[in-house]
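Take a look at the structure set out below.
Just so you know, all these numbers are worked out from the coordinates, no wet-lab data involved. Quick caveat, the model's predicted, so the values are computed rather than measured. Note that we place each Cβ from the backbone using ideal geometry, even for glycine, and neighbour counts take in every protein chain shown.
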Amino acid sequence: MTAQEILNLNGTTKTYKMQQLLQLGFTRKQVAEMMGVGYGFVQNVYAAMQRRGLATQTSVFTPGLFTRTFGVEFEAYGVDMHRLKAELERQGITVAIEGYNHTTRAHWKIVTDASISGAQGFELVSPVLQGEAGLEQVKKACKALKKCNALINRSCGMHIHFGANDFELAQWKNLYKNYINYEGLIDSFLPVSRRANNNIYCRSLLNRFSSESVAYSAIDSCSNIEQIAQKVTGRDRYFKLNAESFFRHGTVEFRQHSGTIEVDKVVNWITFLNNLVEFSKNNVSSQKTLESLEAFNPAPVVNFYRNRIAALAA
């Protein structure tokens, strides 16, 4: 992203733009002139970046550039499958009702799910989607689920997959470290039932370690993704970040989010995870604050989770 593209970004804070310009190599004086702000403002931003280990990064993350493939699994109950299929088709979505399976289809599928408590439990699974066009399909699926009055309870989750065939080993290591680093903060985005080790279907990445430093050392010692999966999760898929899906589907799966059909929750979660995946190509954060998410997320995403934290803490 060029300096002009950064300056033209909408929906971002001045602080975020300054961070990106500084990471491009512009001096604090140049950034102050480009942004039309005082040098002291830029100096404060630069000092905060140094404390967070961001000022020396050589890569620049571009938020909002969403081209990665992904998939979504919605768990819910209380809707006849044929009724849901008809509503999805009215929204322009190609969908089939199938028996329980893990096969990737070229269409959406509605399958049974015995893990869901409640009558008429089901899982709505997307095909491989991509980028912003994929998000539009997700929005249509949420609209159909809402129209059918689909129900959610604590037994329901929402799982997100991202294509991972292009990951280098360093990106896998960085992604695990970043999720471990931010796990406590991410917990605060979600209900108590999805935090820490409170759910057997999405356990903490620290479940097998006494501390973050021990976990990091274990990850650093690995020479392939199989070893990371063995050391962090014991090759068990029921963790917040699941690499087992890579060996079957070529994806990384995020299992932590609670069940939802609310489009703002779904889209912000997908966007946040996509940005975390891309950020992890070259970066590991040592900061745990909500504000540090501005290093790889636009302001609307950070503000959404600021409001979620406040609502869940009330």
message: Tell me the relative contact order for region 94-159 as a rounded percent, counting alpha carbon contacts under 8 Å between residues six or more apart.
response: 25 percent
statement: Quick note on 49, 18, ordering by fewest other C-beta atoms within 10 Å, gives 49, 18
statement: Cα-based Rg and Dmax for the chain, in Å, come out at 20.3, 63
message: For Cα pairs less than 8 Å apart in space and 6+ apart in sequence, what is the mean separation divided by the residue count of the chain, i.e. the relative contact order in percent?
response: 21 percent
message: Compute the helix-to-body angle for 263-279: its Cα long axis versus the longest principal axis of the chain, expressed 0 to 90° and rounded to tens.
response: 50 degrees
query: Any idea what log10 I(q)/I(0) is at q = 0.16, 0.20, 0.21, 0.26 Å⁻¹ for region 110-178, Debye with uniform C-alpha scatterers and no solvent?
result: -0.77, -0.97, -1.01, -1.19
statement: Once Lys and Arg are counted +1 and Asp and Glu -1 for all other residues with Cβ under 12 Å from that of residue 43, the total becomes +2
message: I want the local charge near residue 121. Using Cβ-Cβ distances under 11 Å, sum +1 for each Lys or Arg and -1 for each Asp or Glu among the other residues.
response: -3
query: Mind checking Rg over Rh on region 158-242, alpha carbons, Kirkwood formula for Rh?
result: 0.94
field: Relative packing of peptides 172-181, 158-167 - highest average C-beta neighbours within 10 Å first
entry: 172-181, 158-167
Relative frequency of Cα-Cα separations exceeding 12 Å in region 3-51, percent: 56 percent
- prompt: How big is the C-alpha Rg of region 200-314 next to the rule-of-thumb value 2.2 N^0.38 Å, as a ratio?
  reply: 1.15
message: What aspartates and glutamates does residue 17 reach when the alpha-carbon gap must be under 12 Å and sequence neighbours fewer than 8 apart in one chain are set aside?
response: 5, 294
message: Ignoring everything except DSSP H segments at least 4 long, calculate the 222 nm mean residue ellipticity for the chain; use -39,500 (n - 2.57) per segment, divide by total residues, nearest 500.
response: -13500 deg cm²/dmol
- request: For the chain, set up a Gaussian network in which alpha carbons nearer than 10 Å are linked by springs, and say which option among 90, 194, 154 fluctuates the most.
  value: 90
statement: Inverse of <1/r> over all distinct C-alpha pairs of region 69-157, i.e. the Kirkwood Rh in Å, gives 12.9 Å
task: Express the Stokes-Einstein translational diffusion coefficient of region 193-252 in µm² s⁻¹, to the nearest whole number, given a Kirkwood radius over alpha-carbon pairs, 20 °C and a viscosity of 1.002 mPa s.
output: 181 µm²/s
